[in-house]
Amino acid sequence: MALLEIRNLKKSFRAPDGSITTVVEIPAFDLEARQRVALSGASGSGKTTFLNLIAGILVPDLGSVVLDGVDLATAKEAARDRIRAVSIGYIFQTFNLLQGYTCLENVLLGMSFGPGSDRGRAEELLRRVGLGDRLRHYPRQLSTGQQQRVAVARALANRPKLVLADEPTGNLDHRAGLESLALIREACTESGAALLLVSHDREVLAQFDDRRDLLALNRAAHAQEVAS
Amino acid sequence: MVRKSLRQHLFSTVITAFSIALAGGLLMAVWVVKDQSQAAFTGVNAGFDAVLGARGSKLQLVLNTIFHIEESPGNIPYADFEQVRTNGAVRVAIPVALGDNYLGYRIVGTATNLFTDVEHSPGRRFDLAAGRSFDPGLREGVVGSFAAERLGLRVGDKFKPYHGLLFDPNNRHDEDYVVVGVMRPSNTPADRVIWIPLQGVQLMTGHDPKNAGDLSGVLIKFKDTSPLTARQLDLFYNKQGNRLTFAWPIAQVVAQLFNKIAWVDRVLALVAYLVAVVATGSILVSIYNSMKERRRDIAILRALGARRAVIFSAIVAEAAVIAGMGMVAAFAVHVAILTGVAAVVRTQTGVVLDPFMLHPVMAWAPLGMIAMAALAGLVPAWKAYRTPVAENLVPQS
């Protein structure tokens, strides 16, 4: 059984004018444990909504999202929160670090919702991403690349089975982006986590053997593209 | 999370906690002043069981002769003093005569057995810290501790009394009095008085010679605490006679004063309650107004796996912690208010209030304020609870 099994997934939103727009409509998508997949997706392809559905942040209108044997589409909110805290590491395009917390505290806080805070592991992870001397720095005191690395450390802190990365290099310059990507891949390999990365950067996508086109997977995005 | 949030909103946290401190301090102070002053006033009898005076208000008589804060209802002949003094049930009878002051502090004529025969509280007499008691035949005075401190009078100092109970520099008597003793603090209204021989007041120049033998009242201590003898005197003076007033028991008479001003207590309590409600409301407003800027943080926390209940509890806890911090500071506010009030009460009446005395309000007020703050926190907590994660986390693509 695959780590992640998605079937007949559909998600729509109601626009302010009352019209309903389908953003995600994916018949099937699977991801095995330790597998690393890059999804290419331009703006409007529904990539963030897709990742939020996998993370249990959004609930699909139809279909199933089975992660590690649990269907997030039917699971109660508390169960989805728990799975997100324990089994999923999420690297956001805008990093989403808590500005009032230090690097170390950002990582520790993520751990506190999962298996529990482990200061030693948090410090080790931050040292691993090259921030051993920035433990007590606040995000605003770090460069964009350093903030990205804190986000990577936080995503891996709970030893997740699946790491979701939404345009992880989108806010970085070329060199920093490639360094960050290498770090994410390496960290996932070391921890045995599967990686699902979405990006519209061809150079980033080229780093992956397994590449899929979200526009092709997502019928809703495909239909919009055809219509436009 | 709560600690971090408080630090992130430090300014509003401090301001809100300060308003809680003021409200909580005021609330506690109102209660403590009310109860302590009532207990202090009804507990103060300066060692006497009853007061005999001219026909009139018992309360006025007690306030005048025991607390030294009211006008005299009138004078009584010296013979009435002799009559009650020789009553078999009376252990001590102390005559007092008022009518003069020194720079606003009352001068009371009395007998020397005030210093030897009276226990103002069990086992404690009106002792002297310096000097000796006055000679009844000389122009000498013994100054209460508070009056001595305020007037700067010491043994050997001289002073000229002023006529009347209120200080008027134009009404100075010619006689010179010498301070021969200063009393130890008794924490009774006697501390605010300058005691001189009875004849000193009675024969002061300018006083009406026709009233030279009159007294303002007689302070009475019974031989036993049985109310039977007191009831007999009560019947004799108050019911059968119509010339004198027998004020007994003193505590009950003073309690009438508090019954008369009970509405003031209720108004003060109402104001304190309203201030407390407004202060806890400020917590609601403070946190609620910050919810917009917190939405992203809440969304991030939820994306990291924090349950809604955790977010909800954190907001409620934050409100409670602000109230808790405020109530800690409220104790300082309470002590400051009590210290000020105690100083005024002591200056005006000689009754001593203790700013540090414990009171049940010091338990229920903080608990009540924290509970109210937690209730106030439910509103922003509900808003936080309902914060949509995805739309506050990243823009939809």
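No value in this document is a laboratory result; all are computed from the given coordinates. Here the structure is a predicted model, which means the values were calculated and not measured. Cβ placement follows ideal geometry from the backbone for every residue including glycine, while neighbour counts extend to all protein chains displayed.
How big is the shadow of the Cα convex hull of chain B, averaged over all directions, in nm²? Before the final figure, lay out each step's value.
On the way: hull surface 100.7 nm².
Across all orientations, chain B yields a mean hull projection of 25.2 nm².
So how many Å³ per residue does the convex hull of the Cα atoms of segment B:50-248 work out to?
Working: hull volume 21.9 nm³, N = 199.
Cα-based convex hull of segment B:50-248, divided per residue, equals 110 Å³.
So which trypsin sites (Lys or Arg not before Pro) in segment B:237-287 end up in coil per DSSP with only 14 or fewer other C-beta atoms within 10 Å?
On the way: sites: B:Lys239, B:Arg243, B:Lys260, B:Arg266; in loops: B:Arg243.
Those satisfying the criteria are B:Arg243.
In peptide A:74-86, what is the residue-averaged number of other protein chain Cβ atoms found within 10 Å of each Cβ? Walk me through the numbers before you get to the answer.
Values: counts 0, 0, 0, 4, 3, 0, 2, 10, 2, 1, 6, 5, 1.
Partner Cβ neighbours, averaged per residue: 3.
Enter the mean number of other protein chain beta carbons within 10 Å of the beta carbon of each residue in B:292-298, as an integer. Don't skip to the answer; put the middle values down first.
Working: counts 0, 0, 0, 0, 4, 5, 0.
The shielding value for this peptide is 1.
For q values of 0.27 Å⁻¹, compute log₁₀ I(q)/I(0) with the Debye formula on a Cα-only model of segment B:157-223, without solvent.
-1.37
Provide the packing ranking of A:182-189, B:225-232, i.e. peptides ordered by the mean count of other C-beta atoms within 10 Å per residue, highest first.
A:182-189, B:225-232
Shielding by partners for B:303-316, please: the mean number of other protein chain Cβ atoms within 10 Å of each residue's Cβ.
On the way: counts 13, 19, 18, 7, 7, 3, 3, 3, 0, 0, 0, 0, 0, 0.
What the average comes to for B:303-316 is 5.
Can you tally the net charge around B:Thr112? Count Lys and Arg as +1, Asp and Glu as -1, for every other residue whose Cβ sits under 14 Å from the Cβ of B:Thr112.
Values: positive: B:Arg125, B:Arg132; negative: B:Asp117, B:Asp127, B:Asp135, B:Glu140.
Neighbourhood net charge equals -2.
What angle, in degrees between 0 and 90 and rounded to the nearest 10, separates the Cα long axis of helix B:262-289 from the longest principal axis of the Cα atoms of chain B?
20 degrees
Quick one: Kirkwood hydrodynamic radius for segment B:250-306, alpha-carbon pairs, angstrom, one decimal? Mind showing how you got there, number by number?
Working: mean 1/r = 0.0649 Å⁻¹.
Computed over Cα pairs of segment B:250-306, the Kirkwood hydrodynamic radius comes out at 15.4 Å.
So if a site counts as exposed when it's one of the chymotrypsin sites (Phe, Trp or Tyr not before Pro), its DSSP state isn't H, G, I, E or B, and it has at most 16 other Cβ atoms within 10 Å, what's the longest stretch of chain B without one?
B:168-355
Using the Kirkwood radius over Cα pairs, work out the Stokes-Einstein diffusion coefficient for segment B:329-397 at 20 °C and 1.002 mPa s, in µm²/s as a whole number. Walk me through the numbers before you get to the answer.
Details: Rh = 16.1 Å.
Translational diffusion coefficient: 133 µm²/s.
Output the Cα-based Rg and Dmax of segment B:1-133 in Å, rounding Rg to one decimal and Dmax to a whole number.
Radius of gyration, then largest Cα-Cα span, for segment B:1-133: 24.4, 81 Å.
Given B:Val193, B:Thr65, B:Leu165, which one lies farthest toward the positive end of the charge dipole of segment B:50-248, if we put +1 on the Cβ of every Lys and Arg and -1 on the Cβ of every Asp and Glu?
B:Thr65
What do the square roots of 5 times the Cα gyration tensor eigenvalues come to for the protein assembly as shown, in whole Å, largest first, as semi-axes of the equivalent ellipsoid?
Details: eigenvalues 1554, 110, 66 Å².
Calculated on Cα positions only, the semi-axes equal 88, 23, 18 Å.
Can you pull a Stokes-Einstein diffusion coefficient for segment B:115-213 at 10 °C (1.306 mPa s), Rh from Kirkwood over Cα pairs, as a whole number of µm²/s? Provide the component values of the computation, followed by the final result.
On the way: Rh = 14.2 Å.
In µm²/s, the coefficient rounds to 112.
What pairs in A:Lys76/B:Lys383; B:Lys223/B:Lys260; B:Lys58/B:Lys221; A:Lys10/A:Lys76 have C-alpha atoms more than 23 Å from each other? Walk me through the numbers on the way to the answer.
On the way: A:Lys76/B:Lys383 20 Å; B:Lys223/B:Lys260 32 Å; B:Lys58/B:Lys221 17 Å; A:Lys10/A:Lys76 18 Å.
Over 23 Å Cα-Cα: B:Lys223/B:Lys260.
In segment A:136-173, which trypsin sites (Lys or Arg not before Pro) fall in coil by DSSP and have 14 or fewer other Cβ atoms within 10 Å?
Sparse-neighbourhood loop trypsin sites (Lys or Arg not before Pro): A:Arg136.
Counting other C-beta atoms within 10 Å, and keeping those with at most 15, which DSSP coil trypsin sites (Lys or Arg not before Pro) do you find in segment A:1-80? Walk me through the numbers before you get to the answer.
On the way: sites: A:Arg7, A:Lys10, A:Lys11, A:Arg14, A:Arg34, A:Arg36, A:Lys47, A:Lys76, A:Arg80; in loops: A:Arg34, A:Lys76.
Counting only loop positions with at most 15 other Cβ atoms within 10 Å, the trypsin sites (Lys or Arg not before Pro) in segment A:1-80 are A:Arg34, A:Lys76.
Expressed as a whole number of Å, what is the distance separating the alpha-carbon centroids of segment B:37-84 and segment A:179-221?
Cα centroid to Cα centroid, the span is 96 Å.
Which net charge results when you count Lys and Arg as +1 and Asp and Glu as -1 among the other residues whose beta-carbon is under 11 Å from that of A:Arg84?
Details: positive: A:Arg80, A:Arg82, B:Arg302, B:Arg307; negative: A:Glu77, A:Asp81.
Cβ neighbours under 11 Å give a net charge of +2.
Quote the convex hull volume per residue of chain A, based on C-alpha atoms, as a whole number of Å³. Kindly include the intermediate steps, with their values, before the conclusion.
Details: hull volume 29.8 nm³, N = 228.
Spelled out: Cα convex hull of chain A, divided by residues, is 131 Å³.
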